[in-house]
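Asks: The structure follows.
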Amino acid sequence: MIPASPLLPNPTGSLLIPVQPSGVNLQQKLPKFSLIIPTYNESQNIAEIVGILVEILDRQIPSDYELIVVDDDSPDRTWELASKLIPDYPQLRVIRRETERGLSTAVIRGWQAAQGEVLGVIDADLQHPPEIILQLWGEIEKGAELAVASRNVEGGGVSEWSIVRRFLSRGAQMLGLAILPEVIGRLTDPMSGFFMVRRSAIASKLLSPVGYKILIEVAARGQIRWIAETGYVFRERVAGASKVTWKQYIEYLQHLITLRFSLWPVTRFLRFGIVGFSGVFVDLGVFYLLRTVLEIGLTRSAIFSSEIAIINNFLWNDLWTFGDVSSKQIGNRKRLRRFLKFNLVCLAGVILNVLIVNILFNIVHLNEYLAKLIAIAMITFLNFWLNSKLSWRVTDTEKE
Ligand code: GDD
Ligand code: MN
């Protein structure tokens, strides 16, 4: 008897993609592309999807790819069926996970076992048209770090979705946009589970197992400058059943919030707050000097002391809060530009501050001091955000 084709060992430990494929002899020729097919009860689809993918990929990149089925110990024995296909398709590998569960981790574990420098994922149920894979590959070859099959660009769509399902899908996207604009805003179809990413873009970033939508995780934590998108029509499922339940919507929300907290520059914001606080004392000190010691007029003293405080804040922010950014934008001209922008943001802040206090006091009828406190808090956030977008822009040094 011939022993059953061996299954691939199950990657364990933290959810990190290694910079170099692990456990392989680097002398041996490795495939360039590794495509993960996550499965749960896909016995009716697995042979067909593998056959179609092999045919398509053999046309374009013969013997330069591998397919990795990651099955969560399906009761219908998808893993067994898949492993029986290996003699026909030597580029096929199969992982049977007996302890871990979930779509996101299935994909990540697959990538951990992958040998390629380009990592991809496609559903097993044929809802993702397999031929799109070549277009995605083309985008990566052109230089994109991430190539996503999208239902919301030209050529894309859904086949027979009800109004309710369309509404839910769009609603989820809007929610994502509100919570995580800098990530979701870059993707027309953040829910897509059909994409490719360069290993180098996500290697050694700790990925979180939360959520069903691994693309959001990749786009949020990866180092991705260029995202390409290709339209596709999400087909109806012919065989098997979807695994999506209400639980996934909750997980999605949890995922967005987790990412929000881990992407927010907490340390930077704290420093910005401390510097702002120091500015208050500089302002008061200089004001006292001008008014009481030098006996200069009120308005002139106020303006002068504010400007000194702004200079103080700028210097500390440039040196400390955003030191990592400014150290890459060397030269006095650039520093002057940052300083002028900072001034502009501060000025806008003062005007808005007055506006907010007026609204809260005169219209909302809050206590004056409470109104002022709220205004200060709001302006601090706004100032921080504007300054990191304008004055100390990370992307000034590495923009697409
Ligand atoms: N290993 C593993 N573990 N695979 C899973 C699990 C799991 O817990 N849950 C689902 N899968 C597999 C399915 O077998 C299928 O191949 C694929 O993941 C997608 O699951 P479906 O249940 O068919 O999801 P869908 O039809 O709602 O698709 C939506 O989600 C997909 C995945 O994010 C769409 O948004 C797709 O575009 C998206 O690809
Ligand atoms: Mn499906």
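The values are calculated or read from the model by the stated rules, or taken from the named source; none is laboratory data. This one's a predicted model, so the numbers in the text were calculated from it and none came from an experiment. As a convention, Cβ positions derive from the backbone with ideal geometry for all residues, glycine included, and neighbour counts pool all protein chains shown. Side chains are part of the model used for accessible areas, which takes the heavy atoms of the whole protein and leaves out ligands, DNA and RNA. Shrake-Rupley method; radii C 1.70, N 1.55, O 1.52, S 1.80 Å.
Asks: Out of residues 5 or more away from residue 231 or on other chains, whose amide H comes under 5 Å of its own, with H placed 1.01 Å from N in the peptide plane?
Replies: It is 150, by chain and number.
Asks: Given a 1.4 Å probe and every protein chain left where it sits, what share in percent of the accessible area of the stretch 266-396 is carbon and sulfur?
Replies: Using a 1.4 Å probe with all protein chains present, the stretch 266-396 comes out at 73 percent carbon and sulfur.
Asks: Could you tell me the calculated FRET efficiency between residue 59 and residue 166, based on Cβ-Cβ distance and R0 = 41 angstrom, to the nearest 0.05?
Replies: Values: r = 34 Å, r/R0 = 0.84.
Using R0 = 41 Å, I get an efficiency of 0.75.
Asks: Given a 1.4 Å probe and every protein chain left where it sits, what share in percent of the accessible area of the stretch 1-69 is carbon and sulfur?
Replies: Numbers: 2130 of 3770 Å².
After summing per-atom areas, the C and S share lands at 56 percent.
Asks: For residue 36, what residues show an amide H to amide H distance below 5 Å, using hydrogens built from the backbone and excluding near sequence neighbours?
Replies: 68, 120, 121, 122
Asks: Further question on the same structure: Provide the per residue accessible area, probe 1.4 Å, for the chain, rounded to a whole number of square angstrom. Could you put the intermediate results ahead of the total?
Replies: Numbers: 21470 Å² over 400 residues.
Accessible area per residue, the chain: 54 Å².
Asks: What list of ³J(HN,Hα) couplings, whole Hz, do you get for the stretch 117-126 from phi and the Karplus terms 6.51, -1.76, 1.60, once you set θ to phi - 60° and write x for glycine and proline?
Replies: Computed from phi, the couplings for the stretch 117-126 are 9, 10, 10, x, 8, 8, 5, 8, 8, 6 Hz.
Asks: Show me, for the stretch 244-257, the HN-Hα J-couplings you get by feeding each phi into the Karplus relation (A = 6.51, B = -1.76, C = 1.60, θ = phi - 60°), rounded to Hz, glycine and proline as x.
Replies: 6, 10, 4, 4, 5, 5, 5, 4, 4, 4, 4, 4, 4, 5
Asks: Can you give the helix-only mean residue ellipticity at 222 nm for the chain, where every DSSP H stretch with n ≥ 4 adds -39500 (n - 2.57) and the sum goes over all residues, rounded to the nearest 500 deg cm²/dmol?
Replies: Numbers: 14 runs with 190 residues, N = 400.
Calculated mean residue ellipticity at 222 nm is -15000 deg cm²/dmol.
Asks: Could you work out the percent of alpha carbon pairs in the stretch 255-359 separated by over 19 Å, rounded to a whole number? Before the final figure, lay out the partial values.
Replies: On the way: 3089 of 5460 pairs.
So the portion of pairs separated by more than 19 Å is 57 percent.
Asks: HN-Hα J couplings of the stretch 137-146 from phi, Karplus 6.51/-1.76/1.60, θ = phi - 60°, integer Hz, Gly and Pro as x?
Replies: Once rounded to whole Hz, the list reads 4, x, 5, 5, 5, 6, x, 5, 7, 9.
Asks: Restricting the count to DSSP beta bridges whose residues both fall in the chain, what percent are antiparallel, rounded to a multiple of 5?
Replies: 25
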